[in-house]
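Step one of this worksheet: look at the structure below.
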Amino acid sequence: MEPDVSIETSSMIRIAILPIGEIPHQTLRDYYSIFHHHHPIPLSSISSFYTEEQKSPFTSLPWDTGSLRFKFILGGSPPSPWEDFQANRKILAVIGVFHCPLSPDLDSVIEEFDGVCKGYASALVTRCFGFFPCDSQLEDEIAASLLMEFEKYVFQAESSGTILKTPLDLQASLSSEEVIQAKKRRLGRAQKTIGDYCLLAGSPVDANAHYSTALELARLTTDYFWYAGALEGSICALLIDQIGQNNPALEDEVRYRFNSVILHYKKSFIQENSQRVSPLSFELEANLKLARYLCRRELSKDIVELLTSAADGAKSLIDATDRLVLYVEIARLFGTLGYHRKAAFFSRQVAQLYLQQDNRLAAISALQVLALTTRAYCVQSRASISDNSHINEVGSRNADSGKMHHRSVVSFFESQWSMLQMVVLREILLSAARAGDPLAAWSAAARLLRSYYPLITPVGQNGLARALANSSERLPSGTRCSDPALPFVRLYSFPQHSSQMDIVKRNPAREDWWAGSAPSGPFIYTPFSNGQPNDSSKKELIWIVGEPVQILVELANPCGFNLKVDSIYLSVHSGNLDPFPISIDLPPHSSKVVTLSGIPTSVGLLKDLCFSDPFRSCGSPRLKNISVPNISVVPPLPLLVSHVVGGDGAIILYEGEIRDIYISLANAGTVPVEQANISLSGKNQDSVLSIPYETLKSVLPLKPGAEVILPVTLKAWKLRLVDLDNASGIMGRQLKDSSSPSLLIHYAGPFTDFEDPPKGSVVPPGRRLVVPLNICILQGLSFVKAHLLSMEIPAHVGENLPKPVYVENSAGKETNVSETKMDGLVKIDLFRGSWGLRFLELELSNPTDVVFEINLSVQLDSTDDKLSLGQDAAEYGYPKTRIDRDNSARVVIPLEHFKLPILDGSFFMKDFKPDEAADSRNSSFSEKSARAELKASVNNLISRIKVRWQSGRGSSGELNIKDAIKAALKTSAMDVLLPDPLTFDFRLVRNNLSHGSNDSRPKGSVLAHNMSPMEVLVRNNSMDMIRMSLSITCRDVAGENCVEGTKATVLWSGVLNGIAIEAPPLQESKHSFSLYFLVPGEYTLVAAAVIEDANDILRARAKTGSPDEPIFCRGPPFHVHVIGTA
Amino acid sequence: MATTACFIIVSRNDIPIYETDAGSATKREDASQMHQFILHAALDIVQDLAWTTSAMYLKAIDRFNDMVVSVYVTAGHTRFMLLHDSRNDDGIKSFFQEVHELYIKILLNPLYLPGSRITSSHFDTKVRALARKYL
């Protein structure tokens, strides 16, 4: 069988092109390329070379329209045994080609050419060229010579008659009958041959005439084989004759005649010699010729039938090469028809036939044929997909292009054709290995392993791994295959910039250029984000020239062998990325997430980021699972690096501790920092007491490499109850980071380069450095409770009045200060007593493992800023209290200095105006301010008390007890702060006896049996005139009233009861009386008054409910020490 | 009873969703591979042929060597393909029709996604029983 047969084959003149002498390979190819295309040579163009020696047998040669068809057989071919049967099988001409520079001796060339030509006995014309036969006239000359030779042959055949035999005849035993029959047949065969030559000469009409005769004769002699041959020739003649004419009946005629051809070839089948030679190949060729002639989509059913029956014949073909040619042709025809799966099926049959030959060339052919099938079986190599993508589109002209597309979408695992796919890939691998093509072998093994590993046994996987390794050893280093093998590479994530080097967009129009660029709240979705999708920020990634970037990828090895990745790195097609390759070992059935890093080297947008992975394959350029953000590379930015001086560990503070920390900022970038701003974020922002804004501003611009140290004052906050619970288990346990504040430092380099003003609008971004203050709060000294204590030590009645409390505030300061300085103890003036002196007792506990020392101080007058802030002298210092670990202690704070001098109605606004809300409009401004004054004074009082501590670790801080004191004072604030409406004092009056200096009696004592004149002073602390009824009583130690009654031991003069006194506002009224003590001893004088017509303020102060209730004021007891003898 | 028979259901997306060896003879591995190749190639012919007739049963549409491919195309263009080496048209037609009923029952299952692989063991048992009965 011959490849590439068609009906027109019968009319083609075969010309062998033979190289003569030494010709370089490439030159030979060039020579061949001249002859490559066989084209018809019009008869009209050869007429100049044609000389009619005698009357041409081709009587109806169409000189105007006819043509000769050349078919060049490059390199020649051995003679066919069927030459006599079909003249077109003969090599009718030989063209020798030699290369002049390498073959200078023309004689030897001619000698060699003559020798070669001997092998082509059938050649009628021989020519040898030593130059380019570029002139088409040479071909015309050959054509003319051939035409003349055909004429000669026809004359010869007509006159003498040649014996024409085929291999079929040779086998027949020559009985006498058969000899006779052969003689009869000879004529018909001669006519058939003449017809063939007419056809070759381009004269279909002549050919047809001879064929008709031949058919007639062959039918008579039952020479079926030649009958079929003649019929075949006549069909060719018919087609050539009808060329250019649109005859719809022609196709039917051709089909009808061809069916007859096939039938007669079948008939010519002789059983005896079927083992050795058979006309089957002609029958199959006829099938193929018809199929090729009809090959159109509309006739697919007929063609399929023809080709299927041709394929059926394959079994009976004796020669394996014939079978190969048959399958090749069937595959080609199916392919032309658009039946790619059928074509692939027969291509695979071809490949199997090649593989049976078991040599390298056949294996290469098998590999090439299998490569054609990969598309139909969806196992293409990546390289072929990218090369043939346009072909795919063109090839899918058939109606089910959508279907094809869908099929390619479905993954291999789902497609259960996987068995076919694996078989095909295995065959490709096998043929590639035999053909010695390591790249193809690698590619096939990679596809097989990557796509079908779940279906391959561990043994098979190991085999494939070996195949991969063997192939890669034989490949030159650096070869890349477009088909990835293992491991699977999957993009895991693009890590955002760490908070240390965050990039923020810069808004040059604003002073706070960073505003709005970063999420400002804890909310993932912010309604103010200009309606843009929230994840838009994720899709944008900014890389900076010269700063390393990282990408996390996951590598997976699902197979049962150990996989060593020699090198995997990031690469960018534009090449402006310096990668850091890494190598990694993947154990069987494992996956690892690895970080790939690199340094961008130039500014621009990065596209087509991909991973180059091991085994010399290129990983997935399309990353499926994760969206690749738009990566833009920007010029270098400054980079601030921070660390806390003294270690970056947690800053451990006790509650309330105040400490300075130093944060060092260094510019690690290559661009100076020109703008910088510090702000706070996170929780507990108030724990940062001071931020050195100015220090930072003063060092700008911060040159690359420069460093600045910023002091920051911290005050530890109070642990909440939850935190306490958390921390209760382990002391010193680090609390959640979220509770610590962070310093946000926004900084940026210079604005734009001045070089390119058009780009001035593009401002290089700034950066944000987050310095988390990693504060760990330990539970420190804790406040347990506070309560007020009162102490009642009566005053002594003396000659001088004790200094009123309020006087101390202004006048007595200096003296008190000196006293405070001396020992800081609470001093009680005996004559004044401590009536009304309150103590605030604070109970503190120390749950820590160190000793705490408490230093309690009370600022004397915090309203006087100059004194209280500027001088320690303004404070009452108390001795330090030491609290051991796991102990508690009480600290007592005297509150004697806090009485207000005036009882003002405004303090009770709340009380006596229950419908305040309604009247609030009317309440005067002064009232409001007065109320605020009270509140302020309470706060003032509280703020004056400071509990400072110092821990055994050397840290110090302040205990926040404001709330506790407030709570303690809440119930008795009025009692503590507000003065009584009336205060009483007793005083001894010396009757113009000025012997005080030499009086031997103890000062302030009273002699018995003497008239002792006394005064009671009633001070009105309110703003209104108070009228009252004053009474004075005197009691002895037993508490008996010793002024009245039968056993009175004290006599008196003056009025003691029911003294009506009117005390003007804020003034004292005096009432004198005299007492005469009969018995020495201790007596107590008490003054009391019933206020008449008390106003609301007084009532409120006395906390009386009903307006009728008398307001009773009682002064503190005064002691009188009476000396003398009874 | 066919000595060699392979039954396969191909979805409209040209993906096999069910396959079974309906034949009784035990087969070698390369033979079953060959069956798949033949059936796969026959899809090209079915694709054109299905539109030329209104009948669902397309009879024997393709052959290779001794093996014949008979095809039945449902209205949803799901193809039942039987590879066999004996000619028993009536039996094959009945087989296809009954399998079609079974297939419709599978399609009626709300949990079955059309075009996905048929994994029902009940279906498998029934199809094998039908193959024994008719082929």
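Quick note: the coordinates plus some simple rules give every number you see, no bench work behind them. The model shown is predicted, which means the values in this text are computed figures rather than measured ones. Here the Cβ is made from the backbone with ideal geometry for all residues, glycine too, and neighbour counts use every protein chain on show.
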Notebook entry, point to check: What is the extension gain from A:Ser1031 to A:Glu305, computed as 0.36 nm multiplied by their sequence separation minus the C-alpha to C-alpha distance, in nm to one decimal?
Noted result: 247.1 nm
Notebook entry, point to check: What's the FRET efficiency of A:Ile73 with B:Thr53 using the Cβ-Cβ distance as r and R₀ = 51 Å, to the nearest 0.05?
Noted result: 0.65
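Using a simple charge model, +1 on the beta-carbon of Lys and Arg, -1 on the beta-carbon of Asp and Glu, nothing else, what dipole does the stretch B:59-135 show about its Cα centre, in debye to the nearest 20?
140
Tell me, what is the FRET efficiency for A:His787 and A:Leu1066 to the nearest 0.05, using R0 = 30 angstrom and their Cβ-Cβ distance as r?
Efficiency at R0 = 30 Å is approximately 0.35.
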Next item on the list: Have a look at the stretch B:5-134 and give its Rg and Dmax from the Cα atoms, expressed in angstrom.
Entry: 13.7, 42
Note to self: As an exercise, identify the trypsin sites (Lys or Arg not before Pro) in the stretch A:246-341 lying in DSSP coil whose Cβ has no more than 12 other Cβ atoms within 10 Å.
What the structure shows: A:Arg276, A:Arg296
Checklist line | A:Asp312-A:Asp585 FRET efficiency (beta carbon distance; Förster radius 56 Å; 0.05 resolution) | finding: 0.50
Note to self: Taking 0.36 nm per residue of sequence separation and subtracting the Cα-Cα distance, how much length would be gained by fully extending the chain between A:Arg474 and A:Ser632, in nm to one decimal?
What the structure shows: 52.9 nm
Note to self: Over 32 Å between Cα atoms: which of A:Lys718/A:Lys880; A:Lys683/A:Lys966; A:Lys505/A:Lys564 fall into that group?
What the structure shows: A:Lys505/A:Lys564
Check: Tally Lys/Arg at +1 and Asp/Glu at -1 over every other residue whose Cβ is under 12 Å from the Cβ of A:Glu111; what's the total?
Finding: -3
Note to self: Loop-only trypsin sites (Lys or Arg not before Pro) in the stretch A:1021-1126, please: DSSP not H, G, I, E or B, and at most 15 other Cβ atoms within 10 Å.
What the structure shows: A:Lys1047, A:Lys1103
Notebook entry, point to check: About the Cα centre of the stretch B:5-134, what is the dipole size in debye to 20, counting +1 per Lys and Arg Cβ and -1 per Asp and Glu Cβ, all else neutral?
Noted result: 360
Next item on the list: Convert each backbone phi in the stretch A:71-77 into a coupling constant with the Karplus relation 6.51 cos²θ - 1.76 cosθ + 1.60 (shift: θ = phi - 60°), then list the ³J(HN,Hα) values in order as whole Hz, x for Gly and Pro.
Entry: 10, 7, 9, 5, x, x, 7
Check: Once you put a point 7 Å from the Cα of A:Phe155 and another 7 Å from the Cα of A:Lys946, both along the Cβ direction, what distance in nm separates them?
Finding: 14.1
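Taking 0.36 nm per intervening residue step and subtracting the Cα-Cα distance, what contour gain separates A:Ser48 from A:Ile180 on full extension?
42.9 nm
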Next item on the list: Determine the principal axes of the Cα atoms in the stretch A:1-58, then give the extent along each, sorted from largest to smallest and rounded to whole angstroms.
Entry: 45, 31, 18
Item checked: Residues listed by number, the stretch A:1-20, amide nitrogen under 16 Å from A:Glu253 label point at 7 Å toward C-beta -> A:8
Check: What nm value, rounded to one decimal, do you get for the distance between A:His643 and A:Asn562 when each label is placed 7 Å out toward the C-beta?
Finding: 3.9
Item checked: Residue among B:Val68, B:Thr125, B:Leu83 farthest towards the positive dipole end of the stretch B:5-134, charges placed on Cβ -> B:Thr125
